[in-house]
Every structure is written in structure tokens, then in C-alpha cells.
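Structure, as C-alpha cells:
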Amino acid sequence: MEPVTKVTGRMAPLDFADVDTDQIIPKQFLKRVERTGFGPFLFYDWRAKGDFVLDRPEHRGAPVLLTGENFGCGSSREHAPWAIKDAGYHAIIAPTFADIFRANCYKTGILAVTLPDRQVRHLIDLATEDPNAEITVDLTTQEVRGEGFAYAFQIDPFAREMMLNGMDEITMVERQAVSIGVFEKSRPAWMPTAV
């Protein structure tokens, strides 16, 4: 995973609450074992109806997704953040997230930011009225900034550290390889050993 310090760019407003993981990436696309290739199927059923807000030219290529409360609810499939990342979104801003979805975002390198309803509403309105408006989601300062405003946000310190350093749980364990090797060599003979 690449380190995440800040995401700057336009915003794509998905003004819906309770968007579940089956809407994000429908079940028929979960047969892949890779983490990539899910982007074209993001919000597949909604896109099939036509005139989907994220398909409009003014919102294509935006790296920041804005959405309503309880985003990512439903099943705990990690495919949902994989699809979001693969579609080019690097930050999601919402009033609330489903806990497992938020954790999966951090593990995927997506910055999931929680802001109060009124601040999210301001951003959604801004993106709708001026699709060229840009913001910066800054993980180092824990702030969402735009022209004339700055909104502070909190993030789990462990998740923040992992993202800033571009680590996941496996990378974190690999960094301790020397200490693990020393421990393994010093264990009593009667204890099981790693294979």
C-alpha cells in the first residue's frame, strides 16, 4: 500500500444515506480473487438505469466521494472499498460509516473521513453547484480544506499511522521479522515451532 498523506481534487456528490455494500458492488461480481478489476462494476445497478450522478462528465475523475450517513452498511465484503479505489476514489467523506467498511477502507488505502451532517451537506451542495470546486483532505493535519473553509476531523490513531506510512497488518508484522526470528530461536524446545 502506498502512503496516504493528502487527497486533493474535485468532489463527486452521491447524496444518499444507507448505501450498502451490495449497492456499491453487487454480489454477482464477487467471484474474482484479485483486489483489482472491480471499478467498472461500482454501483453497477444504479448505473444501468442511466443518468447516474457519478457518470456525469462534470463528476468523472473526481478523487473524493461525498455521501450520506451509514455508508458501507450491509455485508462486510472488502470488495466494496476495492471497487471504490479501483474506480479512482481516494477519499470518502460522510457523516457516518459502517465500522467494518471504514476499517476495510483504511486497509485499502482509502481515507474515510467522518464530518458532521452540516459540513457534509455544505460539501455536497458545493460539488453540485460548482463541479470544478476542489478540496484537500489532509491526513497529516486531519483537516478538509477548500476555498474559505477548513473542517477538522478525527481518525483512529492506529489507522492514521498505518496510512501515513503505507502499511497494512502484514507489512507491520514483516517489519518485526528480526525480532520474531530472535524470539523463535529462543523458545523452549518443548513449545511448538513455526513451520
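The values are calculated or read from the model by the stated rules, or taken from the named source; none is laboratory data. Nothing here was measured: the structure is a model prediction, and the numbers come from that model. Note that we place each Cβ from the backbone using ideal geometry, even for glycine, and neighbour counts take in every protein chain shown. Accessible surface is based on the protein model in full, side chains and every heavy atom, while ligands, DNA and RNA are left aside. Shrake-Rupley method; radii C 1.70, N 1.55, O 1.52, S 1.80 Å.
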With a probe of 1.4 Å, find how much accessible area the range 64-190 has per residue, and write the answer as a whole number in Å². 50 Å²
Mind listing which trypsin sites (Lys or Arg not before Pro) in the range 5-49 are in a DSSP loop and have 10 or fewer other Cβ atoms within 10 Å? LYS31, LYS49
Calculate, in nm to one decimal, what ARG60 and ARG32 gain on full extension: separation in residues at 0.36 nm each, minus their alpha carbon distance. 7.6 nm
10 Å Cβ shell holding at most 14 others, DSSP loop, GluC sites (Glu not before Pro): longest site-free stretch of the chain: 59-146
Residue with peak Gaussian network fluctuation, the chain [Cα springs, cutoff 10 Å], from GLY50, GLY61, GLY181: GLY181
LYS31: which lysines have alpha carbons under 25 Å from its alpha carbon, excluding same-chain residues fewer than 8 sequence positions away? LYS49, LYS85, LYS107
Given the options ASP86, ASP130, ASP22, which has the most mean-square fluctuation in a GNM of the chain, springs set between C-alpha atoms less than 10 angstrom apart? ASP130
Build a GNM of the chain with springs between Cα atoms under 10 Å: which of ALA91, ALA112, ALA48 gets the top mean-square fluctuation? ALA48
Take the alpha carbon atoms of the range 33-62, find their center, do the same for the range 83-99, and report the distance between the two centers in whole angstrom. 13 Å
Fraction of antiparallel bridges per DSSP, the range 79-163 only, in percent to nearest 5: 65 percent
Distance between the range 119-146 and the range 164-195 - C-alpha centres, whole angstrom: 42 Å
In Å, what Kirkwood hydrodynamic radius results for the range 1-69 from the alpha-carbon pair distances? 13.7 Å
With Rh as the Kirkwood radius over Cα pairs, the chain has Rg/Rh of 1.06
GLU58: net charge of surrounding residues, Cβ under 15 Å, Lys/Arg +1, Asp/Glu -1, itself excluded? -4
Amide H neighbours of GLU143 at under 5 Å, excluding residues fewer than 5 places away on the same chain, with H built from the backbone geometry, are ASP138, PHE153
Within the range 131-158, whose backbone N sits under 15 Å from a point 7 Å along Cα→Cβ of ARG175? 157-158
